[in-house]
Amino acid sequence: MTTVLRRSIGAVAAMLGVGACLAIGAPGTAYADTVTGKSCGEKHEMSPEYYDMFGNAAPCTADFVASAPGTARITIDVVSSRGHNRDDPHNWSFDLFTCEGSVLPSEPPRTFTCDFEAGPHTVYVDKNAGDRFIDLKVDY
C-alpha cells in the first residue's frame, strides 16, 4: 500500500514539475499593465486633443511609471484620412531617443520592444497633416 501511495505522490509531483517548467519556459512576456496614447486624434482629426496650443498636430504620447525594470511592447498604427495619399514617416521615440524608429501610414500596425529601468517613461509618436488618428498602445 505504501509503495502505491509513494508512486502516486511521485507521479503527481513529476506532473506538477513538468507543468511548472512548461509555464516558466513558455515563449512571450507577461506584461503588468497597458497604457494607450493621448492626444492621438481621438479618432477624429478635428478633435481639440489633436492639436497643440499653436494649432500644430500635437504628438501622440503614452506615459507610465514602472516599479521595476522590464520590457515595453509598443504598438503603433497610423490611420490616414480618407483620400490622403502621402506616406510620410512618423517618428516615434521611447524616453527621448532611448529607443526610436519610424512608421509609415501604409504599413500595418507595427510593434516594437524597448527595455526600461524603474521610473517614469514616455512614448512619443509624431502626427502629420492628413492623419485621422494614431492608435498607440504600450504594454509594460
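The values are calculated or read from the model by the stated rules, or taken from the named source; none is laboratory data. Quick caveat, the model's predicted, so the values are computed rather than measured. Please note: Cβ atoms are built from the backbone with ideal geometry, for glycine as well, and neighbour counts cover all protein chains shown. With ligands, DNA and RNA removed, areas are computed over all heavy atoms of the protein, side chains included. Shrake-Rupley method; radii C 1.70, N 1.55, O 1.52, S 1.80 Å.
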**OP:** Under 14 Å from the Cβ of Thr122, count the other residues' Cβ atoms, weight Lys and Arg +1, Asp and Glu -1, and hand me the total.
**Re:** -4
Original post:
Of Thr111, Thr122, which has the most accessible area with a 1.4 Å probe, and how do the rest follow in descending order?
Top reply: Thr111, Thr122
